[in-house]
Every structure is written in structure tokens, then in C-alpha cells.
Amino acid sequence: MGRSPLLLFCCCVTMAACGPASAPISPAELDRLAKNGARLIDANCGDCMGAMVDSLRIGIAQAESAFTNGYADTSAVHQTLEQGYRTMAYVHAPPDSAAQREWEGRLGTLLRSFAERYPDSVDAWIAYSDVLRPSSERVAPLRRALALHPNTFIVHYALSYAFFESGQRDSMLTYMRKALAVANDEERRKYDADFQAMMRQMDSGRH
């Protein structure tokens, strides 16, 4: 039986030994794998008519091969894989199942590697934090994002929500106040109902 795409992906991301070296894949073949993987993942999205999970898996495997073998457009293939992993985790895998946890694990590994590759990207740390469970695990990457841009509303909001889910009222209120202090009018209108609901649930003990 051949090595699974997940094992190959994790080995190469962590720079662990992946067995005997194979012949390098040409740039043209890497480009073909990346683009065909993207095409299959796009064509078999969660809302796509006639989407087939087997075709989605093939697209993911091809994109993983391009990614782990040095495809030049790292950002593009990363976005392709993120889309594929999210579709498998949240469309095809049953909620709270072992399959969903497996795909969330792949997604987390991918997003962590991207955040570590681009440590000055607020968006990369936010995206990585969003897939972490339990909610207390989101705090560290969100604080990394906050250190980069202390006045970013969405980071303060995400931290307040993480502490809300963890039942830590004082920390939730601290970041809620900070979020409101830096929010613009549109952000206040959009998230005010969320903040009010969080307060009611926290005060009632139903968080």
C-alpha cells in the first residue's frame, strides 16, 4: 500500500524524513498537478451540482503533491488545499465525527504552516486560530495577531468570543471593551447583537 497523502503532507511540512528520495517532479508537472487539483476542488465544492467526494479527494491529493514537492505558487496551492479540507470537514464529514476531526487536523496543520511561513500576517494567525478546539487553544495565535496589529477589531472580537466559550467572563469583557474601543460604526452595528447575546448567555450561565 502506498503512503497516504496525509502522511506525505505532514512529513514534508515538518521536514521529517519521508523515506528514500524520489526523482524531482518537473515544474511543468507541478503546475499541472496544482491546476488540475484546483479544478477538481472547485468543481466539487459543497454547493456544486453533481459534486463527487471521490473527485474532491483526487483533487486534494494532486494539490498536496504539488504543495509538498515545491510548487512555486505556494499561496495559490495553499488556498486550494484550504478549500478542499474545509469542504471535506464541514460538508462531507458528519459533525463531531472522527472523519471531521481528521480533516480539521489536516486543515490546522496547513494553516499553522502558513502562519509560520508568514509570521507577520494577521490574517494567517486568525485563520489558524479559527480551526482550533477547544476554544482556549485559540488564544495564543490570536495574541500573536494582536501583537502585530493591536487595534484590529476582529482580533479583539475573536478573543472575547474565545473567552466567552471558555466561560471566562472577566477576560471576555476585557476584550469586548477593547473591540468596541477600536470598532468603526459599521463594526459596531454588525457585532452589537453578538456582544449583547454573549453577555446575556454569560450572565444566565448558558454559555
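The values are calculated or read from the model by the stated rules, or taken from the named source; none is laboratory data. Computed from a predicted structure; not experimentally measured. Methodologically, a virtual Cβ is constructed for each residue, glycine included, from the backbone with ideal geometry; neighbour enumeration extends over all protein chains shown.
Before moving on, here are some points about what is shown:
- Count of the stretch 182-194 residues which are farther than 18 Å from Arg138 by Cβ, in a helix (DSSP H, G or I) and in contact with a helix residue (DSSP H, G or I) (Cβ under 8 Å, 6 or more places away or on another chain): 3
- Pairs meeting the criteria (first residue in the stretch 163-175 and part of a helix (DSSP H, G or I), second residue surrounded by 19 or more Cβ atoms within 10 Å (Cβ to Cβ) and hydroxyl-bearing (Ser, Thr, Tyr), beta carbons under 6 Å, at least 6 apart or on different chains) are Met172/Ser160; Tyr175/Ser160.
- For the stretch 33-53, a tally of residues being surrounded by 15 or more Cβ atoms within 10 Å (Cβ to Cβ) and either outside the structural domain of Tyr71 (by TED's automatic domain parsing) or of a type in the set (Val, Ile, Thr) (or both) returns 1.
- Residue within the stretch 154-167 that is among the charged types (D, E, K, R) and surrounded by fewer than 12 Cβ atoms within 10 Å (Cβ to Cβ) present: no
- Any hit, the stretch 127-143, residues being part of a helix (DSSP H, G or I), under 21 Å from His78 (Cβ atoms) and in contact with a Pro (Cβ under 7 Å, 6 or more places away or on another chain): yes
- Here Ile126 meets the list (1) surrounded by 19 or more Cβ atoms within 10 Å (Cβ to Cβ); (2) farther than 24 Å from Ser160 by Cα almost entirely, failing just condition (2).
- Applying the set (1) more than 28 Å from Arg138 (Cα to Cα); (2) touching a Cys at 6+ places or on another chain (Cβ under 7 Å); (3) surrounded by 17 or more Cβ atoms within 10 Å (Cβ to Cβ) to Leu30 leaves exactly one unmet item: (2).
- Residue count for the stretch 43-67, restricted to those that are under 18 Å from the mean Cα position of the chain (by Cα) and either of a type in the set (S, T, N, Q) or within 16 Å of Leu111 (Cβ to Cβ) (or both): 4
Table: residues versus (1) of a type in the set (Ser, Thr, Tyr); (2) in contact with a strand residue (DSSP E or B) (Cβ under 7 Å, 6 or more places away or on another chain); (3) not in a helix (DSSP H, G or I).
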{"residue": "Pro24", "(1), (2), (3)": "no, no, yes"}
{"residue": "Glu29", "(1), (2), (3)": "no, no, no"}
{"residue": "Ile41", "(1), (2), (3)": "no, no, no"}
{"residue": "Ser55", "(1), (2), (3)": "yes, no, no"}
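- Scanning the stretch 72-85 turns up no residue that is touching a residue at least 24 places away in the same chain (Cβ under 8 Å), outside any helix (DSSP H, G or I) and in the same structural domain as Gln201 (by TED's automatic domain parsing).
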